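Enquirer: Below: one structure in structure tokens.
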Amino acid sequence: MKQDIIGFILKTYNAKPEHLWKRYPTFCVFRHSDNQKWFAIIMTIPRRTLKLSGNGNIDVINVKCATDDIGFLHDIPGILPAYHMNKANWVSVVLDGTLPLKNVKQLIKASFDLTASGFNK
């Protein structure tokens, strides 16, 4: 699912993944070209960090959401409080198929729109 999402972002938003941290080569950030604001970050993190059952790592994508939507989004399987981001404005989506790809794409679009410059809104 991770590669599908990267391809979707490249095709839809013309945003290339940026690998900003040598220590975390699997982390990639996507941002607007005009205002440089992030609208998504994909990370591979230990399952235990998110208090998920099982061993090993899992891919997640963090996306920005409207503050009013955060509460109900946390009730949806596959959507968790944001890992390493402001939990009032961001969520982490587990990329294991729990949330269908079409719904992940909708969240990415919402995040892209929320972080767009005033000119592009």
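Enquirer: Would you check if there is a residue in the range 11-21 being in contact with a helix residue (DSSP H, G or I) (Cβ under 9 Å, 6 or more places away or on another chain) and loosely packed, with under 12 Cβ neighbours inside 10 Å?
Expert: There is no residue in the range 11-21 that is in contact with a helix residue (DSSP H, G or I) (Cβ under 9 Å, 6 or more places away or on another chain) and loosely packed, with under 12 Cβ neighbours inside 10 Å.
Enquirer: Could you tell me which residue of the range 63-75 is farthest from Met1 (Cα to Cα), considering only residues that are among the aliphatic types (A, V, I, L, M) and surrounded by 14 or more Cβ atoms within 10 Å (Cβ to Cβ)?
Expert: Ile70
Enquirer: Got a sec? Which strands (runs of 3 or more DSSP E) wholly within the range 1-76 have at least 3 residues that are at pLDDT 95 or above and out of contact with any Leu (no Cβ under 7 Å at 6 or more places or on another chain)?
Expert: Result: 28-31, 38-46.
Enquirer: So is Val29 farther than 17 Å from Ala116 by Cβ and of a type in the set (A, V, I, L, M, F, W, C) or not?
Expert: Taking the combined requirement at face value, the residue does not satisfy it.
Enquirer: Of all residues in the range 91-105, which are outside any loop (DSSP other than H, G, I, E, B) and within 13 Å of Ile42 (Cβ to Cβ)?
Expert: Once the filter is applied, which keeps residues that are outside any loop (DSSP other than H, G, I, E, B) and within 13 Å of Ile42 (Cβ to Cβ), the range 91-105 yields Ser92, Val93, Val94, Val104.
Enquirer: Do we find a residue being of a type in the set (Ser, Thr, Tyr) and loosely packed, with under 15 Cβ neighbours inside 10 Å anywhere in the range 79-99?
Expert: Yes, the range 79-99 contains at least one residue that is of a type in the set (Ser, Thr, Tyr) and loosely packed, with under 15 Cβ neighbours inside 10 Å.
Enquirer: Across the range 46-62, which residue is surrounded by the most Cβ atoms within 10 Å (Cβ to Cβ) among those that are in contact with a Ser or Thr (Cβ under 6 Å, 6 or more places away or on another chain) and closer than 19 Å to Lys87 by Cα?
Expert: Checked the range 46-62; the qualifying residue surrounded by the most Cβ atoms within 10 Å (Cβ to Cβ) is Val60.
The values are calculated or read from the model by the stated rules, or taken from the named source; none is laboratory data. As the structure is a prediction and not an experimental result, all values here were calculated from the model. Cβ coordinates were reconstructed from backbone atoms using ideal geometry, including for glycine residues, and neighbour counts include every protein chain displayed.
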